[in-house]
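The values are calculated or read from the model by the stated rules, or taken from the named source; none is laboratory data. None of these values were measured; they are calculated from a predicted model. No Cβ is skipped: glycine too gets one built from the backbone with ideal geometry, and neighbour counts run over all protein chains shown. The accessibility values were calculated without ligands, DNA or RNA, using every heavy atom of the protein model including side chains. Shrake-Rupley method; radii C 1.70, N 1.55, O 1.52, S 1.80 Å.
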Amino acid sequence: MSAVKRSKISKFFFFFVLIMAVMAMVGFGLSGIFSPSISASVATVGKVDVKADDYFRSIQSEITTVSQQLGSQLSIEQALLFGLDRNVLQRLITQAAYENEAQRLAISVGDETVKAALLSNPSFQGMTGTFDQDIYKDAIRRSGMKPAEYESLVRVSTSQLLIRAAVSAGVNLPSDATLAIFDYIGESRSFTYARVGVNNIAGVVPAPTDADLRAYYDDNPEVFTQPLTRQITYVSLTPEMVAETLEISEERIETLYEDRSAQYNTPAKRFVERIVLPSKAEAIEARNSIDAGDMTFEQLADARGLVLADIDLGDVTADDIGENAAEVLFASEEPGIYGPVDTNIGPAIFRVNAAISALSIPLEEVRDELRRELGIIDASFRIADVANDVIDLIAGGASLEEVADETDMQLNTIDLVEGQTDGFAAYATFREEASASEIGEERDILDLEDGGIFALRVDGITEAFVKPMSDVSQAVFDGQQNAKTAALILARAEQIVTAISVSNGGSLNDFAGTLLLEGVTEVTRTSTIPDLPPSIIDEVFALEVGETAVIEDAFGAVIIELTSVAPFDPASEDAITILAQVDALQKQQLSQDLLAYFGAALVVTAQPTINQTRIDGLHQQLNFSGN
């Protein structure tokens, strides 16, 4: 009797524990194990709930998108660290705020509007460009939604669009503001310039006195300063060093080449646009009209109600486009109009905008490159083995010289000058380690940026100092002479400008006999002029017509004279196009800003509440689902 009683109690206790475990799992977000859908909401905005299903799908989609961009799968912990959860939740709350406002204003759309939205969605259209019921059902199924749910979402989204359209309607910046900007950046100027060099100064540069040389030396200490220098002993082993000693089999090289066949052997491509006609007769008539100049390819597309997205096939290979079309389009590499061609969707006229020839790089041309790459890959294993040996040796008190004797590490020395980035100093890790080391300190082995290893010892440090004048006498002489020459050239240029300014009606043309004059036309504030100092543009736009200025450059001096100014013409054809584009961009940016502010205001007004416990549970579920 007691045994039976104990058995009933045991069973009762077992089922009680089981039920509590199930409840605990549900609390931790494991309801998805028992149910395909996710109940409850993660936030409430006014009278609208942000469904857990929507948050779960959105965060999954966001993680997938970012993972594809980064090239590796993000875990939920990494996604939270990047703030993806906050981005998704904020977006959904803003959408819910718009939906709440639509409900408050009693804004909704009818079934016909929803139907029109579905029928016009390109994602649900088949090869004929019309709505395909099977594609629609498959897309909805793969999204994890039911048709009724999606159509409800379309209804809500369309209602929100009405509000957004009302907020952003009529947005515009004053046209005067746009014109003021273009008056500034669109103004163009023309000028004449002449270089003044050594040939334009009178006589020769006077020989310097001892006092001149001493003054130049004292005035330019930075020129004659020896930077701080560290005397360093180091051992290193790089993939390049190891790769040179490794044998790479021909079989591995051939296998790598075959794996990259798509990189070394690419088919010919054509950048193609296609217009399909109802009949062969109409296609022939259209082609004849194009050939006769009565119609352009664009006009044919317009006549058939087609836009670029409808006719642009992008870059295609012969296998992409069908046998008949490939035979015609790939028979030539010349851009132009081709066809009519019979295709599986009807007679078509093609326009080839560009052609790319087939690429075939034989193994012989890349053999050394592939051998080196495989050698560097193999080197990493050898370097890892050596690194372990070096760690043990250094831990045992071995010097760098002893490490080099007992391993494949190579011993070298370098006088590392502050700021040096050539040779082994090109490795940033090496420079940083050198800067952090004390004199005589045996440092641990470290990795290099290319997968190599090194260890160093600073044997001594020579502080920065100004070299004695006697050690740099030639550099002092050359520097003083160059500076004196530059000063004389600049003085001559200033003399010419002064002569022009005091002469009634004088100009740079008065010196055409001694200077080589060159003209530059229609430069704007954004122009760059080869072989002239970048500052010349600022100088040109600071002058009045007829004024001159002097600019120093590496070759001496440049004299410029402004000859004409052309204001921005808003009535020109190019200006009309540019102003229209800028106006559209300004409207778009202002609309986006207004919608962002309006959406934020709706969220604040609705005072959303967030169910953080539910969100944490969904994150746990994402962990169990492998994200």
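If you take the alpha carbon atoms of the stretch 113-228 and fit the smallest convex hull around them, that volume is 475 Å³ per residue. When restricted to Cα atoms, the chain yields an Rg and a Dmax of 38.0, 132 Å, respectively.
In terms of overall dimensions, the stretch 78-181 has a Cα radius of gyration and Dmax of 18.6, 55 angstrom. Translational diffusion of the stretch 429-524 was estimated from the Stokes-Einstein equation, with Rh taken as the Kirkwood radius over Cα pairs; at 37 °C and 0.692 mPa s the coefficient is 162 µm²/s. Within the stretch 514-563, the GluC sites (Glu not before Pro) that combine a DSSP coil assignment with at most 11 other C-beta atoms in a 10 angstrom radius are E544.
Note on Q263/Q78: beta-carbon distance plugged into 1/(1 + (r/R0)^6) with R0 of 35 Å gives a FRET efficiency of 0.70.
Relative to the compact-globule scaling 2.2 N^0.38 Å, provide the ratio for the alpha-carbon radius of gyration of the stretch 284-326.
Values: Rg = 12.6 Å, N = 43, 2.2 N^0.38 = 9.2 Å.
Against the compact-globule rule of thumb, the ratio is 1.37.
The convex hull drawn around the Cα atoms of the stretch 238-397, when projected onto a plane and averaged over every direction, covers 14.9 nm². P(r) for the stretch 471-627, from all Cα pairs and a bin width of 10 Å, is 8, 19, 17, 13, 11, 11, 10, 9, 2 %, short bins first. The stretch between E298 and E547, if pulled fully straight at 0.36 nm per residue, gains 84.6 nm over its current Cα-Cα span. Membrane-span-like helices in the chain (whole DSSP H runs, Cα extent of at least 24 Å along the helix axis, mean Kyte-Doolittle hydropathy of at least 0.0): 2-27, 147-168, 363-395, 473-502, 573-606. Considering all different alpha carbon pairs of the stretch 335-446, the Kirkwood hydrodynamic radius works out to 20.1 Å. With all protein chains kept in place, the per residue accessible area of the stretch 354-451 amounts to 59 square angstrom at a probe of 1.4 angstrom. Over the chain, DSSP H runs of length four or greater, each weighted -39,500 (n - 2.57), average out per residue to a 222 nm ellipticity of -16000 deg cm²/dmol.
Compactness check for the stretch 176-263: Cα Rg over 2.2 N^0.38 Å is 2.64. Here the Kirkwood formula, the inverse mean of 1/r across different C-alpha pairs, assigns the stretch 246-289 a hydrodynamic radius of 15.1 Å. With 0.36 nm allotted per residue and the present C-alpha distance subtracted, the I361-E222 stretch has 44.8 nm of extension available. Probing with 1.4 Å while keeping every protein chain in the model, the per residue accessible area of the stretch 60-194 equals 59 Å².
In the chain, carbon and sulfur make up what percent of the accessible area (probe 1.4 Å)? Working shown, then result.
Numbers: 19900 of 36890 Å².
On the chain, the fraction of accessible area on carbon and sulfur atoms equals 54 percent.
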